[in-house]
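Reading through the structure tokens given below for one structure.
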Amino acid sequence: MFTLKELIELKTDFFKGKRVKLVRHKDSRTEYKDILKDREALLEYQKEQGKEVFKNTDYLISFIGQESTKSLLFGVFKVNGVDKKGAKFYYNLTEVNIIDELIDRIVIDWGKSAISWYQWYDKQSKKVLEILPEGYLGEFKGLTNFVLDYDELKKLISNPDANKDWKSNLSAVNGIYMILDTKSGKQYIGSAYGIGGVWQRWSEYASSIHGNNKRLIELCQTDSNYKKNFQYSILESLPSNVNKKEVIKIENLYKEKFGTRTFGLNEN
């Protein structure tokens with residue numbers, strides 16, 4: 001298997017003679033986990049530092065830390081300069097399109113020095129562990145063992161070949177699902193049944209955002225970016241041979257349990 005440097009040099013000599021640092025973002029704090037899931041928030045977070053960590057650096061090759069010392073390629077950034085305001089350093093960073101075809105696909109082993117979150121590119125030999133399929137969301141962990149935000153849902157539905165396990169499992173079952181509005185805490189309970197199961201129903205949300213649900217439509221009309229607040233999960237999976245009437249009966253029971261008609265986002 002290649003090292004990161006070897007793989008990049010097979011594609012471009014852009015970094016030759018330039019001062020380049022590898023950066024790995026990982027933190028167990030809850031608020032930081034939210035930043036890691038939001039690309040725009042992470043871009044802003046990377047620009048602000050407590051120390052002059054990117055001094056004498058031309059480019060950053062950034063990664064998101066995963067389990068153990070695994071790290072997923074996040075982006076490449078040009079360091080244009082820095083402003084010091086009080087005790088903080090604010091870097092002017094511009095994302096550059098150098099190895100775009102590898103973004104969100106290359107997983108490297110950061111190595112034993114994981115505590116050192118920034119290192120010189122030409123002084124480290126980072127082993128490439130895997131090259132993920134384009135559009136790969138991640139390992140499918142079970143029908144009721146995940147939560148997706150809208151961007152993840154869109155990525156999943158848009159890349160069925162890269163996420164075959166997801167499509168196979170979500171297409172094979174009916175189910176009761178929840179859409180959580182993380183801004184208000186309100187919930188929408190829905191059901192999926194018929195050909196294509198949950199995958200088919202969620203494909204409609206990936207396309208339209210609101211899935212033709214009245215209160216979700218109203219929320220989307222207040223802010224074109226309101227979809228950023230939605231989270232999707234399955235409350236209960238049901239066999240594909242359970243008929244529509246039975247599925248709706250179970251859906252209604254969940255609406256009663258969560259009070260989503262009175263306090264949530266269900267209209268009926």
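One residue is enough: does region 102-121 have a residue meeting the conditions under 23 Å from the mean Cα position of the chain (by Cα) and farther than 16 Å from PHE63 by Cβ? Explain how you work it out, then say what you get.
The initial filter retains those residues of region 102-121 that are under 23 Å from the mean Cα position of the chain (by Cα), namely 102-110, 114, 117-118.
Checking which are farther than 16 Å from PHE63 by Cβ leaves us with none.
No, the conditions are met nowhere in region 102-121.
Six or more apart or on different chains, Cβ atoms under 8 Å: show the pairs whose first residue is in region 207-233 and closer than 20 Å to ARG261 by Cα and without any contact (Cβ under 8 Å) to a residue 24 or more places away in the chain and whose second is open to solvent by less than 60 Å² (accessible area, probe 1.4 Å) and assigned to a helix (DSSP H, G or I).
Once the first residue is closer than 20 Å to ARG261 by Cα and without any contact (Cβ under 8 Å) to a residue 24 or more places away in the chain and sits in region 207-233, its partners that are open to solvent by less than 60 Å² (accessible area, probe 1.4 Å) and assigned to a helix (DSSP H, G or I) give HIS210/LEU216; HIS210/ILE217; HIS210/LEU219; HIS210/CYS220; GLY211/ARG201; GLY211/TYR205; CYS220/TYR226; CYS220/LYS227.
From the set of residues in region 47-73 that are part of a strand (DSSP E or B) and open to solvent by 60 Å² or more (accessible area, probe 1.4 Å), which is farthest from TRP110 (Cα to Cα)?
Among residues in region 47-73 that are part of a strand (DSSP E or B) and open to solvent by 60 Å² or more (accessible area, probe 1.4 Å), the one farthest from TRP110 (Cα to Cα) is GLU48.
Identify, please: which residue in region 175-233 is part of a helix (DSSP H, G or I) and of a type in the set (Val, Ile, Thr) and is, among those, surrounded by the fewest Cβ atoms within 10 Å (Cβ to Cβ)?
Within region 175-233, the match that is surrounded by the fewest Cβ atoms within 10 Å (Cβ to Cβ) is THR222.
Checking the conditions here, which among ASN252, ASN241 is free of Cβ contacts under 8 Å to residues at least 40 places away in the same chain and not in a helix (DSSP H, G or I)?
Going through ASN252, ASN241 in turn, just one is free of Cβ contacts under 8 Å to residues at least 40 places away in the same chain and not in a helix (DSSP H, G or I): ASN241.
Pick out the one residue from GLN124, GLN46 that is over 14 Å from the mean Cα position of the chain (by Cα), closer than 30 Å to ILE209 by Cα and touching a residue at least 40 places away in the same chain (Cβ under 8 Å).
On the way: GLN124 fails: closer than 30 Å to ILE209 by Cα.
The conditions single out GLN46.
Check region 117-131 and report whether any residue there is basic (Lys, Arg), in contact with a strand residue (DSSP E or B) (Cβ under 8 Å, 6 or more places away or on another chain) and surrounded by fewer than 17 Cβ atoms within 10 Å (Cβ to Cβ).
yes
Among (1) touching a Lys or Arg at 6+ places or on another chain (Cβ under 8 Å); (2) under 28 Å from LEU156 (Cβ atoms); (3) in a strand (DSSP E or B), where does VAL76 come up short?
The failed condition is (1).
Inspect all residues belonging to region 87-104 and state whether any of them is among the polar types (S, T, N, Q) and outside any strand (DSSP E or B).
Yes, some residue in region 87-104 is among the polar types (S, T, N, Q) and outside any strand (DSSP E or B).
Determine if region 137-154 includes at least one residue that is open to solvent by less than 50 Å² (accessible area, probe 1.4 Å), assigned to a loop (DSSP other than H, G, I, E, B) and under 30 Å from LEU60 (Cβ atoms).
Yes, region 137-154 contains a residue that is open to solvent by less than 50 Å² (accessible area, probe 1.4 Å), assigned to a loop (DSSP other than H, G, I, E, B) and under 30 Å from LEU60 (Cβ atoms).
Considering (1) at pLDDT 95 or above; (2) surrounded by 12 or more Cβ atoms within 10 Å (Cβ to Cβ); (3) of a type outside the set (Ser, Thr, Tyr), say which one ASN80 fails and leave the rest.
Unmet for ASN80, out of (1) at pLDDT 95 or above; (2) surrounded by 12 or more Cβ atoms within 10 Å (Cβ to Cβ); (3) of a type outside the set (Ser, Thr, Tyr): (2).
The values are calculated or read from the model by the stated rules, or taken from the named source; none is laboratory data. Remember, predicted model here, so these are calculated numbers, not experimental data. Backbone-built Cβ (ideal geometry, glycine too); neighbour counts: all protein chains shown. Ligands, DNA and RNA are excluded from the accessible area calculation, which covers all protein heavy atoms including side chains. Shrake-Rupley method; radii C 1.70, N 1.55, O 1.52, S 1.80 Å.
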